[in-house]
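The values are calculated or read from the model by the stated rules, or taken from the named source; none is laboratory data. Keep in mind that what you see is a predicted model, and the values were worked out from it rather than measured. When we count neighbours, we look across all protein chains shown, and the Cβ atoms used for this are built from the backbone with ideal geometry, even at glycine. Only protein heavy atoms, including side chains, enter the accessible area calculation; ligands, DNA and RNA are left aside. Shrake-Rupley method; radii C 1.70, N 1.55, O 1.52, S 1.80 Å.
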Number of protein chains: 2
Amino acid sequence: MSLTNASPADAAQAAKSASHVLATLSAAARNEALTAIHAALTAARDDILAANARDLELARQAAADGKLSQSLVARLDLGKPGKWDDMLKGILDVRDLDDPVGRVTLRTRLDNGLDLERVTCPIGVLLIIFEARPEVIANIAALAVKSGNAAILKGGKESTESFVAISSVISAALEKSQVPNGAIQLVTTRDVIPQLLALDAHIDLVIPRGSNELVRYIKNNTRIPVLGHADGLCAIYLEQSADPSMAADVILDSKTGYPAACNSLETLLVQDTALSTLLPTVAAALAAKGVELRCDAQSKAALAGVPNLALADATDADFATEFLSLTLAVKTVSSLPEAITHINTHGSHHTDCILTASPEQAEQFMAAVDSAGVYWNASTRLADGTRYGFGTEVGISTNKIHSRGPVGLEGLMIYKYKIRGQGQVAAAYGEGEGKKRFLHQRLPLE
Amino acid sequence: MSLTNASPADAAQAAKSASHVLATLSAAARNEALTAIHAALTAARDDILAANARDLELARQAAADGKLSQSLVARLDLGKPGKWDDMLKGILDVRDLDDPVGRVTLRTRLDNGLDLERVTCPIGVLLIIFEARPEVIANIAALAVKSGNAAILKGGKESTESFVAISSVISAALEKSQVPNGAIQLVTTRDVIPQLLALDAHIDLVIPRGSNELVRYIKNNTRIPVLGHADGLCAIYLEQSADPSMAADVILDSKTGYPAACNSLETLLVQDTALSTLLPTVAAALAAKGVELRCDAQSKAALAGVPNLALADATDADFATEFLSLTLAVKTVSSLPEAITHINTHGSHHTDCILTASPEQAEQFMAAVDSAGVYWNASTRLADGTRYGFGTEVGISTNKIHSRGPVGLEGLMIYKYKIRGQGQVAAAYGEGEGKKRFLHQRLPLE
């Protein structure tokens, strides 16, 4: 991992060249590099924590001056119990996942002695822009090496000292591996991002993690495909047949588990026939956790008799807002189709849920809602690569192509078609006289 | 299929709404719509051919005035033997393909009573811009309906009368089906394209088929993902151990089968040790078909004694040029790695081939060349959805994400994650005391 003093164009070109080597390395060679990274980080613990302490010191000053939030400061601390060990364990976890490279996903005999094969391969060069969380760089570097992709990494500036320390160690470890040095590169200044975004000949995919503004800025300023999500405007539809205590549990977890997360609940749609039977229980549970409800007229009226609620009138804008805080918009709908239409037109296609005892209503909801995650009686907070069993994730995608939902190793792969022939030519095949026909015989995937 | 008198924004919004209905239709309902389209086109044969005759008449005039090529005029003619029948058969072929919607590609038991499922679903709304070939509209409409995607279609203007006639018939046929009317829309004027390209909230994917300029224009002017290829700069590496007559056959077919196609050969890389043994035979065969060779100094010298060749000196630009004509750039390389590096840096990542008797050289080439198609001893002209056995294709992609190579029905799909639970919340799971662990048990796909 080199600290890029080179120009962005040179860095990206070096990453591209390195990606061509990395793509041909065996699983063993990529896994050995991860083992080496793990060992090197273990040995360099004290130096890295010292660098992290310098980041923390600056951040605490900035927080004292009111320029940084306390929650960001807390996220910076690599010394927090368990964090360092989790980071190191994460590298071995990624190493031990199934190899995503070289999987044969289609085999067709086009003709005798002419076989077509579709084989998974790395995408190439990833540009990953992520938040100021020091442990993330190790995690992302591990994902890149494991998936055979070169990566240019830019992390949040508050973690710069930690990133530089960690990446120097990774770089030294890679020197002794078969992974080429240019394969993982760290950039530390924000001003190179516009230049990198112009390098569509060398960079194949941008994965921004961070604020809506960051993601939107990137989408508006590059021809390179962007994987990720700007908004996480998740909704739950509370249908009349839902179990009241189950509904309260799921809504509470979805809203209050981690309100700033993209998979948190922002809009609650309540069936009109559930306004008096289910909503009061749910509202009381939310209020007990400090949630303010922004209600339409019907739902507000239904809650008039419930004590200790924080109620406000919802505006139209509230149903298009990702609050990321203890605020929830509440809207009354008369039917499942109305709920579906609301979600498909107001939502962000991230994760949406129906709470109901009816399998028919649930299946219809899951078929018709156009989102990466569609859940029946489960918290929206389950939308997460680790929880899905992917080992880890580079982010959650609301894209409609390539990868959708939590993106793990599989989402960092593409494929190529290989044909092994014996000199066959296309002109020999066709419908006319003397022409051969293709066999198109599906072969087992071994 | 409605002729869009509506504004592009209204048309795209209507397509989006229709896509939400279309995505929930059964395979039977989508197939019935295709049967109805087939029957309606069969019944309307005379009207459509009359409209096509009007296109042809205008085109012949334009050709006489030197404003249109004869090959384009020939492509317009739906009355050519076999063309109409092929178009109709194509609709039934697409109908009879396996249903790409609703395939379960992953099933994981997260916990007892909490199952995760990944299910294929349509992408949503496609904007497909294609050339002036009247039969293509029926083919693309069939692909869209079969894959459950709504589509906004814009065809080359020289086929406008044919497109309008065909689309009116399709529209009337869809009226009697469950496919909503807004699902397939034809636009006939080029001036709405910039407006459509701005509608990233409603259009999920643009598929341009046509000139490099068209594809580049689109990539530079939209935030919507673009699937396709600008260039088809295919190369063949002629290694010293290749069989001479096999090599001549494959190179001839790759270069002269249809020189204007994207899968045609543009650059021949010759191993230096094959210059005197293999190249003369190949060059003579190419010359007999009228191919001009633009050679580097070494290859030109090697061909000095061969009679009747059309030789010219290659410039650097020739190795980055898609000639689309009977011109071939020839370059000498000393080794496989040099050939691979040349292709990865000069090529367009479409389809590249090695001619060799060595399995080791072939496998190394196919692993290291970063292209959608990597072939061993087979013509680059095989890069085609029909030849691959996909039934049909919407185009060939050189993208590094989503779909690569010939794109058939599978390439028009994405997936969603469904979770069926019993009220599980995320906060209940974790590493701490009293927390539950996820099972992450892989379930059979049924």
| query | Can you give me the Cα centroid spacing of the stretch B:164-223 and the stretch A:327-383 in angstrom? | reply | 29
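What does DSSP give for the stretch B:318-446 in terms of the percent of beta bridges that are antiparallel, rounded to the nearest 5? Kindly include the intermediate steps, with their values, before the conclusion.
Details: 3 of 8 bridges.
Antiparallel: roughly 40 percent of the beta bridges in the stretch B:318-446.
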| Under a point spin-label approximation (7 Å from Cα along Cα-to-Cβ), what is the B:ALA74-A:ALA428 distance to one decimal in nm? | 2.5
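Helix-only estimate, please: 222 nm mean residue ellipticity of chain B, summing -39500 (n - 2.57) across DSSP H runs of length 4 or more and dividing by its residues, to the nearest 500. Walk me through the numbers on the way to the answer.
Values: 15 runs with 170 residues, N = 446.
Using -39500 (n - 2.57) per qualifying helix, the result is -11500 deg cm²/dmol.
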| query | Using a 1.4 Å probe on protein heavy atoms, which residues of the stretch B:378-392 have at least 50 Å² less accessible area in the complex than alone? | reply | B:LEU382, B:ARG387, B:TYR388
| note | Buried accessible area between A and B, both sides, 1.4 Å probe, in Å² rounded to 100, is 5800
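Treat every Asp and Glu Cβ in the stretch B:13-155 as -1 and every Lys and Arg Cβ as +1, leave all other atoms uncharged, and give the resulting dipole magnitude about the Cα centre to the nearest 20 debye. Kindly include the intermediate steps, with their values, before the conclusion.
Numbers: 18 positive and 18 negative charges, 55 e Å.
The calculation lands at about 260 debye.
A 29 angstrom limit on the alpha carbon distance is what I want to check against. Which of A:LYS435/B:LYS154; A:LYS67/A:LYS219; A:LYS435/B:LYS255 exceed it? Before the final figure, lay out the partial values.
Values: A:LYS435/B:LYS154 35 Å; A:LYS67/A:LYS219 27 Å; A:LYS435/B:LYS255 20 Å.
The pairs that break the limit, which is 29 Å between Cα atoms, are A:LYS435/B:LYS154.
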| said: If you average the alpha carbon positions of the stretch B:298-323 and of the stretch B:1-77, how far apart do those two centres end up, in angstrom? | reply: 44
| What are the nm distances, shortest first, from B:GLN70 to its equivalents in the other copies, labels at 7 Å along Cα→Cβ? | 8.3
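Would you please classify the overall shape of chain A from the alpha carbon gyration tensor, given that a ≥ b ≥ c denote the square roots of the eigenvalues, rounded means a/c under 1.5, and beyond that prolate means a/b larger than b/c while oblate covers the rest?
oblate
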| field | All aspartates and glutamates inside 14 Å of B:LYS289 as judged from Cα atoms, apart from same-chain residues fewer than 8 positions distant | value | B:ASP249, B:ASP253
| said: Distance between the C-alpha centers of the stretch A:226-257 and the stretch A:88-156? Whole Å please. | reply: 31
| Relative contact order for chain B: what is it in percent, counting Cα pairs under 8 Å that are at least 6 residues apart? | 19
| request: Give the nm distances, rounded to one decimal, from B:ALA312 to the matching residue in every other copy, measuring between label points 7 Å along Cα toward the beta carbon; shortest first. | output: 7.1
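Calculate how large, on average over all directions, the projected area of the Cα convex hull of the protein assembly as shown is; give the answer in nm² to one decimal.
On the way: hull surface 153.5 nm².
That works out to 38.4 nm².
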| note | Ordered by number, the residues of the stretch B:216-262 that have at least 50 Å² less accessible area in the complete protein assembly than on their own chain alone (1.4 Å probe) are B:ARG223, B:ASP253
| message | On a straight-distance basis, which lysines could pair with B:LYS300 in a cross-link, Cα separation under 16 angstrom, same-chain partners fewer than 8 positions away excluded? | response | B:LYS331
| To the nearest 10 degrees, how steeply does helix A:134-147 sit against the main Cα axis of chain A, on a 0 to 90 scale? | 50
| query | Measuring from a point 7 Å out along Cα→Cβ, what nm distances, shortest first, does B:GLU431 have to its partners in the other copies? | reply | 6.4
| query | To the nearest 10 degrees, how steeply does helix A:160-175 sit against the main Cα axis of chain A, on a 0 to 90 scale? | reply | 30
| Just the accessible area for B:PHE130, please: 1.4 Å probe, Å², rounded to the nearest 10? | 10
| task | Find, among the residues of chain B, the one whose Cβ sits nearest the axis of the rotation taking B to A; state the distance in whole Å. | result | B:HIS402, 2
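Provide the per residue accessible area, probe 1.4 Å, for the stretch A:47-116, rounded to a whole number of square angstrom. Walk me through the intermediate numbers first.
Details: 3570 Å² over 70 residues.
Computed with neighbouring chains in place, this is 51 Å² per residue.
Roughly how many percent of the accessible protein surface of the protein assembly as shown is carbon and sulfur, given a 1.4 Å probe and a whole-percent answer? Each step should come with its number before you reach the end.
Details: 17150 of 33700 Å².
Using a 1.4 Å probe with all protein chains present, the protein assembly as shown comes out at 51 percent carbon and sulfur.
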| remark: Longest principal axis of chain B (C-alpha) makes with the long axis of helix B:244-256 (C-alpha) an angle, in degrees to the nearest 10, of 60
| said: Give the lysines reachable from B:LYS416 as a straight Cα distance under 17 Å; neighbours fewer than 8 places away on the same chain don't count. | reply: A:LYS400
| said: Just to confirm, what accessible area per residue do you get for the stretch A:234-388 at 1.4 Å probe, in whole Å²? | reply: 33
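Where both residues lie in the protein assembly as shown, what percent of DSSP beta bridges are antiparallel, nearest 5? Could you put the intermediate results ahead of the total?
Numbers: 38 of 135 bridges.
For the protein assembly as shown, the DSSP antiparallel bridge percentage is about 30.
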